[in-house]
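Q: Supplied in structure tokens, the structure appears directly below.
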């Protein structure tokens, strides 16, 4: 009699485990969209930390906003305004949206690219980095 009770409990226990697994799979199936969005949000948050506030923003722009190209911008909060250092306080940082194409393309008025990799004590640093970046601030970016 005791052995029979033991086997009966095993069968009921096995059915309970099967029911539990089916319930969990059904719950995951029903909530799969929310689970996916949770993972995707975590990946986006992790990816945004690599941008340090600078965002790639391709929009149809072209010449004078008429289309035919893209406007690529990034937010600069790491360089000082012309004449303020480095080092400088947060009040003297550029803190503006910069047109990436302007930074990377030499023009007739500025026959060089903005070069912020120069050491800040270099005499050409002020001309090639802060002044160049301030000249590339684009109101259409922000």
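The values are calculated or read from the model by the stated rules, or taken from the named source; none is laboratory data. The model shown is predicted, which means the values in this text are computed figures rather than measured ones. In this analysis, Cβ positions are derived from the backbone assuming ideal geometry, glycine residues included, and neighbour counts consider all displayed protein chains.
Q: Name the residues in the stretch 85-136 that are surrounded by fewer than 17 Cβ atoms within 10 Å (Cβ to Cβ), in contact (Cβ under 8 Å) with a residue 12 or more places away in the chain and within 14 Å of residue 74 (Cβ to Cβ), would you?
A: 95, 101, 116
Q: Let me ask you something else. Can you pull out every residue in the stretch 95-118 that is more than 21 Å from residue 50 (Cβ to Cβ) and in a loop (DSSP other than H, G, I, E, B)?
A: Matches in the stretch 95-118: 105, 106, 107, 108, 109, 110, 111, 112, 113, 114, 115, 118.
Q: Of the conditions (1) in a loop (DSSP other than H, G, I, E, B); (2) farther than 19 Å from residue 138 by Cα; (3) within 26 Å of the chain's Cα centre (by Cα), residue 91 clears all except one; give me its number.
A: Tallying (1) in a loop (DSSP other than H, G, I, E, B); (2) farther than 19 Å from residue 138 by Cα; (3) within 26 Å of the chain's Cα centre (by Cα), residue 91 fails exactly one: (1).
Q: Based on what the data block shows, is residue 33 more than 18 Å from residue 100 (Cβ to Cβ), modelled with pLDDT of 80 or more and either touching a helix residue (DSSP H, G or I) at 6+ places or on another chain (Cβ under 8 Å) or surrounded by 10 or more Cβ atoms within 10 Å (Cβ to Cβ) (or both)?
A: Numbers: more than 18 Å from residue 100 (Cβ to Cβ): yes; modelled with pLDDT of 80 or more: yes; either touching a helix residue (DSSP H, G or I) at 6+ places or on another chain (Cβ under 8 Å) or surrounded by 10 or more Cβ atoms within 10 Å (Cβ to Cβ) (or both): no.
No: the conditions fail for residue 33.
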